[in-house]
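One structure is given below, represented as structure tokens, and several questions about it will come after.
The values are calculated or read from the model by the stated rules, or taken from the named source; none is laboratory data. Worth saying up front: this structure is predicted, and the values here are computed from it rather than measured. Positions of Cβ are generated from backbone atoms using ideal geometry, with glycine treated the same way; all protein chains shown enter the neighbour counts. Side chains are part of the model used for accessible areas, which takes the heavy atoms of the whole protein and leaves out ligands, DNA and RNA. Shrake-Rupley method; radii C 1.70, N 1.55, O 1.52, S 1.80 Å.
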Amino acid sequence: MSLFPGNPLRGGISLLASTIRHEIAFIYKEHAKALLQEASDDRLERNAILQEARDQDRALKSLWFRCMGDRKDSVEPAHVKTLQWALKPACEREGMEAEWDDLSEWLRSGTGLYWICGKAGSGKSTLMKYLVDNPSTRTPLNEWVGDLPLTVGSFFFWGLGTQEQKSLEGLSRAILYQLLEVESSYLPSALPRLWQEVRTDVHQKPEPPSSGELKAASEFMIKNFQPKRRFCLFIDGLDEFEGNFHDAIKLIKGLCSNSAIKIIVSSRPIAICYDAFSRAPQLHMEHLTRNDVTEYIQDIVGSHPYMTVLRDSGELSPNTITYRLIGKASGVFLWVILACQSVLDGFAAHDTVEELCRRVDDLPPELEGLFVHMLNSVDRRYHEQMAKTLKILHLNDDWMPAIKLACFDRNGMDCTSNVPLESFPIHEARKICSAMVARLRSRCGGLIQAEPRRHWGRTTTYSEIFVCWCSLGAKCPRASASRSQSTPLTNKCEDFPEHSRVVFLHRTVVEFLNNPDVWNLAPLRISDPTFSAVSVIVGMDLQLEYLYCKNGAHSYLPQHKSLLLMDGCEPLECVVPVLAKVADYLRLKITQLDYKTELQPFFSQLLDPAYDRSSPQLSLLIAVELSLTNTVSRLLSIVGPQPFGPPYIPFPLLWHSLATPVLLAINGPALYVWESSRQRRKVSRYLLSQGFHPNEVFVNERGLSTTPWRELMLKQKEWWEESAKIPNRTVEMPTTAWTTKRRRNLISSTLNFMGVAGPLIEYGAELDNVLPGISTIEEFFGDEFPRIFAEITTRISQRNSIETEMRLYEKEIMAAIAERRRLMAAEALASSSATSEHVKETETELDSSNLDTQADKTVDGDSSKADTTGNNAKPDVGRKVNLKAAPEILWWVLLLVIVAISMYMKPGFPNQNGMIGIDG
């Protein structure tokens with residue numbers, strides 16, 4: 001019987017087709033699953049690779065710093081036809097008098113380190129920049145690396161720059177960044193803590209590595225770095241390094257001991273560099289630049305159009321001028337540049353050849369003498385302005401924004417001027433700065449110059465300013481740039497004088513001014529007795545911040561460092577106008593803040609036009625909150641011992657020094673870094689010594705009665721309770737992670753509190769029942785401090801210094817508590833002893849302290865005699881009775897007798913006859 005009714009062949013084909021369809025569907029389904037799984041795995045792998053790349057980028061950004069390449073960018077490029085000898089092989093040294101180790105051959109086949117040595121101003125940095133940027137340098141290096149990739153890196157030290165530009169930390173970060181940028185697989189091993197922080201929180205910007213982390217990373221790279229490429233590093237200006245030279249030299253030598261790394265380092269021939277590098281291949285700049293000096297002089301002076309005029313005049317050969325310049329140069333390029341500028345000034349004055357030769361002869365052969373000559377060449381009427389400008393710039397880290405100096409120049413350089421802070425439209429900035437730059441040329445002898453700023457922003461601790469002063473205003477890309485960015489200025493903006501900065505011509509000028517005797521030179525004597533460079537700098541900072549704030553940028557009060565310098569020995573008539581400018585700045589900030597603070601009544605008074613911005617009380621308040629102890633002392637002598645009270649000082653001065661409530665409401669808790677805890681401690685201790693008590697009762701901003709000590713304890717307790725929410729750097733951070741700023745605020749507030757707690761306890765702060773639920777101060781510190789200390793020490797990079805300071809404060813607090821407890825116990829014992837003495841004195845009042853025993857006997861004898869004579873006896877009036885102190889038992893007996901008699905005499909008490917006695 002057939003299995004398929006009808007046509008058997010058709011049924012078989014249908015069954016076969018159905019089976020094939022099922023098999024195909026099954027195979028397709030399984031294959032699709034495999035494809036989907038493979039695609040999913042590929043996607044996960046790609047996401048993991050992308051995430052790791054992002055993490056590596058964030059870790060590298062924590063090593064990078066904004067001014068890493070600033071010094072190299074600021075070095076002027078080599079003049080045309082100069083320094084070409086540096087890369088020529090030994091066989092092509094025609095016309096060179098000195099010998100040096102072949103640099104091109106060392107680049108081609110050498111290892112380790114090459115030292116470029118030279119005197120100040122001889123052109124070492126120019127040569128280093130020439131070598132880094134010159135494509136010809138890569139030619140011998142490519143022969144060295146063979147088929148491997150090549151990375152050329154650099155770091156230029158700058159003694160006039162930021163801390164990163166002249167420290168071991170900056171050198172380490174720059175080198176690690178350039179090595180790990182192309183060999184990122186070493187990141188987790190070289191910087192494990194940083195890598196963990198980056199991996200555990202993908203949203204928060206990691207903190208820069210600590211000095212300990214950088215040291216460990218450098219040691220790891222020296223021992224374990226085996227890259228798949230070769231590195232040539234250029235390190236310029238090692239003599240400008242600030243710190244332990246041995247550490248920097250150890251790092252450099254350790255790196256170049258790796259066969260994959262070679263280093264060219266330049267410095268002056270200072271003793272420690274000579275000892276470290278004198279056996280390495282080297283060259284000495286001043287011995288090799290004679291031809292370069294000749295080329296420069298011929299190009300700048302010899303080819304000048306005025307030389308043709310001199311030749312046509314038939315006078316002495318003008319070539320004498322160039323010969324004399326070349327003869328006096330001594331290989332110092334800076335001297336040549338300044339000397340040529342002096343000759344060009346003579347060309348502009350139409351000097352004769354004889355006068356020009358005399359001008360060259362008058363130039364001192366050494367830089368220091370040349371600088372004195374340049375100062376003396378300035379017109380006498382400008383000496384005062386020149387001296388003030390040089391003094392300000394020298395004190396202000398040797399540079400400042402042009403617009404900052406222009407604001408001071410605009411006000412006539414008057415320190416005691418009490419003119420309020422002013423604002424002006426952005427488009428006026430160019431006019432103001434252009435005038436100031438032009439005045440610098442005529443008033444500073446060429447020792448100061450204006451140069452364009454190659455990066456935007458400012459190098460302060462807390463913020464970067466993005467205000468563009470060009471005519472584009474808010475439309476300029478700089479105005480809307482992200483705060484985390486730092487981009488070079490566009491060509492359209494960088495040449496604007498308002499974007500320039502004022503700097504010294506060369507580091508040798510700064511070294512020249514570092515000599516105190518220089519300021520006694522006639523051109524640098526300042527006749528104005530009220531001039532204070534420090535006060536001027538703080539006033540200029542305030543003016544600049546005022547302008548930033550007016551134009552919508554983030555702004556803060558000036559750095560605490562400059563404020564403390566102002567608090568030194570500056571005249572009070574210079575300090576008070578600056579404090580008035582602080583009040584102007586506060587007024588502006590108040591109007592721009594959407595603040596919700598209990599200090600609003602005080603702020604409203606501050607905004608009142610009738611409010612005296614220069615009042616001694618307001619100046620005192622600001623000085624106290626800024627921790628200017630010397631200024632507070634001088635103002636208290638004017639204001640008096642009890643300045644507390646509205647409208648100028650809303651709370652006791654001690655509370656203003658402890659908590660800075662006004663500045664805290666304006667700037668937030670990150671106004672100062674923790675170093676200011678010492679200054680706050682200093683001003684608080686001074687106020688305590690002047691009678692301001694920690695237990696003084698006042699009404700706080702919430703309307704509650706409290707004391708400075710209780711309020712401080714309460715606020716610190718709140719801070720410590722909030723600290724539990726702050727993530728730790730070494731553990732996985734929660735999704736609601738707080739910012740690094742919050743962690744710094746915790747450290748700052750804790751150090752401030754610990755710093756003032758000891759003096760407050762010493763001067764009588766309450767020890768018991770200060771806060772609800774805490775019976776003694778020992779309980780407060782015993783429960784809270786160990787936890788806080790453990791948390792803080794795991795969150796800070798400067799662990800050693802902060803830990804040491806906190807331990808010292810802890811010991812001081814415990815010693816103060818122990819001393820107070822001892823004094824309290826002694827007072828209690830003295831009080832108890834005084835009470836006992838008082839009882840004894842009461843008991844002995846019955847004793848005859850000053851009785852005349854002999855008089856008593858005489859009176860008794862006379863009385864007896866009178867009794868024997870009969871009627872002549874007289875009453876014994878005023879007789880003194882000598883009562884001896886009776887034994888204690890007799891006093892008890894006497895007391896019982898009195899009680900018994902009183903009971904007997906009461907009504908209803910039975911007498912001896914059994915009858916009831918009746919009164920009367």
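Give the dimensionless ratio obtained when the Cα radius of gyration of segment 76-230 is divided by 2.2 N^0.38 Å.
1.27
On to the next question. Can you tell me how much longer the chain between D247 and S211 gets when fully stretched, taken as 0.36 nm per residue apart minus their C-alpha distance, in nm with one decimal?
11.7 nm is the gain from fully extending D247 to S211.
Sticking with this one: What list of whole percents do you get for P(r) of segment 182-333, with Cα-Cα distances grouped in 10 Å bins up to the one holding the largest distance?
Whole-percent P(r) values from 0 Å outward: 8, 24, 22, 16, 13, 10, 6, 1, 0.
Note down the net charge around K388, summing +1 for each Lys or Arg and -1 for each Asp or Glu among other residues with Cβ under 13 Å from its Cβ.
0
To continue, here is another question. Measure off, as a whole percent, the carbon and sulfur share of the 1.4 Å-probe accessible area of segment 326-398, all protein chains present.
46
Moving on. Which translational diffusion coefficient, to the nearest whole µm²/s, is obtained for segment 65-162 from the Stokes-Einstein equation, given a Kirkwood hydrodynamic radius over C-alpha pairs, 37 °C and 0.692 mPa s?
217
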